[in-house]
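The next block holds one structure in the form of structure tokens; read it before the comments.
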Amino acid sequence: MSRANRKFDLEKFFVALSDGNRLRLVNLMGEDEVCVCFFVEILKMPQPRVSRHLAYLRRAGIVAARREGKWMHYRIVPPPDEHAARILREVREYLAADREMRQDRSRLVKVCCAPALPVPLQGAPLPARLLASMTGPVRS
């Protein structure tokens, strides 16, 4: 069943946004596609727990996943329901202004900008927009 043909589950959407760890994941993705390994490193959570939260966000229609070899990448996708899409935009704006959420994003930038990535991240693809912001202007 295609994403457009599925009935949007508003309750699942709100439950997905009711967990602090899932909100941190949404915030870390921002406008980028991020590998699970970066979430594990930044949030200091075991990979199975991070993956479980990401799976919940995916079932709620908030994120999409893409595999690249051994790496799993996640990105925000607008929900098919226009009201939910507006709510998600507002939540993301709120998260971007929150001090603790900004600290998470700063840690992500710091890890990505480090001269040498931590061992678990070596070989992992950097988030494209984050990489562009380190090397030049980001196109919107």
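Of note:
- Cα shape, the stretch 1-110, gyration tensor, a/c 1.5 rule: oblate
- Trypsin sites (Lys or Arg not before Pro) restricted to DSSP loop in the stretch 20-91 with at most 12 other C-beta within 10 Å: LYS44, LYS70
- ³J(HN,Hα), Karplus 6.51/-1.76/1.60, whole Hz, each residue of the stretch 62-72, x for Gly, Pro: 9, 10, 10, 10, 9, 9, 10, x, 8, 9, 9
- Computed over Cα pairs, the Kirkwood radius of the stretch 7-52 leads via Stokes-Einstein (0.890 mPa s, 25 °C) to a diffusion coefficient of 214 µm² per second.
- For the stretch 14-86, the list of GluC sites (Glu not before Pro) that fall in a loop by DSSP and count at most 13 other C-beta atoms within 10 angstrom reads GLU31.
Only the coordinates and a few stated rules stand behind these numbers; no lab work does. Here the structure is a predicted model, which is why all the values come from computation and not from measurement. Neighbour counts run over all protein chains shown; Cβ positions are idealised from the backbone, glycine included.
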